[in-house]
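The values are calculated or read from the model by the stated rules, or taken from the named source; none is laboratory data. Bear in mind that the values here come from a model prediction, so they are computed numbers and not experimental data. FYI the Cβ positions are ideal-geometry reconstructions off the backbone, even for glycines, and counts take in every protein chain you see.
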Amino acid sequence: MRDTDRATRSPAAGRIVKMTMNYFVLAPNANDTSAYVSGVPAAITKAYQLCQGISRRAGWPDNVEFQLSDGAELGLSKRAASRMSSMPDYVENSKTWHICSGALANVIADAAAVDVELLPATILDHKGRPAKRDYFIVNVLPLIEAVDRNASVFMPSSATPSAIFSFTRLVLDHRVLQHEPAIFRLKEEHQTTLVREDVVKTLASSGLTGFRFIEPANYNQ
């Protein structure tokens, strides 16, 4: 049995029943930093694929550059924005991509195995200089239809009836997660990424910054 497996004995039948792992939503933590990037670098084509579980490793350009925000998107003055000198490990962005430092990307990759790709990127500071740290877009490949539609509270997409526009309450259908992927995006709502609880514990204890985890029942967006 893997260390991610848990089991309990059913008192009625006396048999061993496997219990699935819990999952948490990966989200930026604005309390850690005000670093933010917006838009799509010119070097990235078919940017929508980065939220759809499509591999982008082959042919990935070597000149992907993100410019740090001047603070307008965050409601900051330019003076306040210029003081944002501490770069986090997880950089919030307008596309809900997972832009991570090399340290964070490697922790995720070690835990997720074949479930992610690390796509190199550069972040430019407010003076146009490259950050002193390596960054990657962590491309999450599994796209799983895992929403319990009967128990969840959500607004459906007007453009695509089978898709979800936003959640008031998210409940997962664990029956479809029996193989326990380390990390995945919801097929019904591509902007939402779920992380398995053992990986959450590893990341939470890593000392890395810029991200947080939300229990699905408390998730609304």
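Quickly run through region 118-161 and pick out the residues that are basic (Lys, Arg) and in contact with a Leu (Cβ under 8 Å, 6 or more places away or on another chain).
Scanning region 118-161 gives no hits.
Consider Cys100 against the criteria (1) modelled with pLDDT of 95 or more; (2) farther than 19 Å from Ala182 by Cβ; (3) surrounded by 22 or more Cβ atoms within 10 Å (Cβ to Cβ): it satisfies all of them except one. Which criterion is unmet?
Among (1) modelled with pLDDT of 95 or more; (2) farther than 19 Å from Ala182 by Cβ; (3) surrounded by 22 or more Cβ atoms within 10 Å (Cβ to Cβ), Cys100 violates only (2).
Considering only region 149-164, state which residues are over 17 Å from Gln221 (Cα atoms) and modelled with pLDDT of 90 or more. Explain how you work it out, then say what you get.
Taking region 149-164 first, the residues over 17 Å from Gln221 (Cα atoms) are 150, 159-162.
The answer is Asn150, and nothing else.
Considering each residue of region 97-134, count those that are within 19 Å of the chain's Cα centre (by Cα) and either farther than 15 Å from Glu65 by Cβ or among the acidic types (Asp, Glu) (or both), and give that number. Even if it seems obvious, please write down each step before you answer.
Residues of region 97-134 within 19 Å of the chain's Cα centre (by Cα): 97-123, 134.
Retained after the next criterion (residues that are either farther than 15 Å from Glu65 by Cβ or among the acidic types (Asp, Glu) (or both)): 98, 100-118, 134.
Residues flagged as within 19 Å of the chain's Cα centre (by Cα) and either farther than 15 Å from Glu65 by Cβ or among the acidic types (Asp, Glu) (or both) within region 97-134 amount to 21.
Restricting to region 155-187, what's the tally of residues that are within 15 Å of the chain's Cα centre (by Cα) and farther than 23 Å from Tyr135 by Cβ?
So the first thing to find is which residues in region 155-187 are within 15 Å of the chain's Cα centre (by Cα), and the list is 181-187.
Filter once more, keeping what is farther than 23 Å from Tyr135 by Cβ: 181, 186-187.
The total comes to 3.
For region 32-53, which residues satisfy the criterion of being assigned to a loop (DSSP other than H, G, I, E, B), without any contact (Cβ under 8 Å) to a residue 24 or more places away in the chain and at negative phi?
Quick first cut of region 32-53, residues assigned to a loop (DSSP other than H, G, I, E, B) only: 32-35, 38-46, 52-53.
From the residues that got through so far, the ones that are without any contact (Cβ under 8 Å) to a residue 24 or more places away in the chain too are 42-46.
Answer for region 32-53, where residues must be assigned to a loop (DSSP other than H, G, I, E, B), without any contact (Cβ under 8 Å) to a residue 24 or more places away in the chain and at negative phi: Ala42, Ala43, Ile44, Thr45.
Among the numbered criteria (1) acidic (Asp, Glu); (2) at pLDDT below 65; (3) not in a loop (DSSP other than H, G, I, E, B), which single criterion is violated by Glu92?
Result: Glu92 passes all but (2).
Report yes if some residue within region 50-62 is exposed (fewer than 13 other Cβ atoms within 10 Å of the Cβ), more than 18 Å from Gly210 (Cα to Cα), acidic (Asp, Glu) and at pLDDT below 85; otherwise report no.
no
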